[in-house]
Amino acid sequence: MNRFATVLSASALSAIAFGAESYAAMPSAAGMPDSKIETTIQTMSPTDFNVIRLDALKTHDPASERYGGISPTSQEARLVQAAVIANRSLAQKLEGQKVELTNIVGAEQAADGGVTFYVR
């Protein structure tokens, strides 16, 4: 019985170790924004936003480092894009500023409640 308990304990510990490793590799654990920003985008006023093009930022700018490696087709970008499309008045306002909605790669909410969209 002791040998069985030892094998079972070792199996449980390895499962926990691999589970923790898998959790660390998940996009949400790796800095992917939670659904709060998407909810904010869906309900926000179409006047409280800024658009920043990633190519206009300096290389070591925190926003450039955060969003520079994100593809417009990534899961994170698609969630933000879907939230913008769900807010039709915001989508129209962005399109009026010549922003291609499928080029949005991220968004951040400022302390004043406005949202900054990062675009490729």
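We did not get these values from a lab; they are worked out from the coordinates using the rules stated. Note that the structure is a prediction, hence the values are computed from the model and not measured. As a convention, Cβ positions derive from the backbone with ideal geometry for all residues, glycine included, and neighbour counts pool all protein chains shown.
In table form, for the structure just shown:
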| quantity | calculated |
| --- | --- |
| For the stretch 65-75, Karplus couplings with θ = phi - 60° (6.51, -1.76, 1.60), whole Hz, Gly/Pro x | 5, 6, 9, x, x, 8, 7, x, 9, 6, 4 |
| Radius 15 Å from Cβ of V119, net charge of other residues (Lys, Arg +1; Asp, Glu -1) | 0 |
| Where Rh is the Kirkwood radius over Cα pairs, Rg/Rh for the stretch 32-119 | 0.92 |
| Pair A111, R88: separation of 7 Å Cα→Cβ label points (nm) | 3.7 nm |
| Ordering of 105-111, 56-62 by burial proxy (mean other Cβ atoms within 10 Å per residue, highest first) | 105-111, 56-62 |
| Over the stretch 32-119, relative contact order from alpha-carbon pairs under 8 Å, at least 6 apart, % | 39 percent |
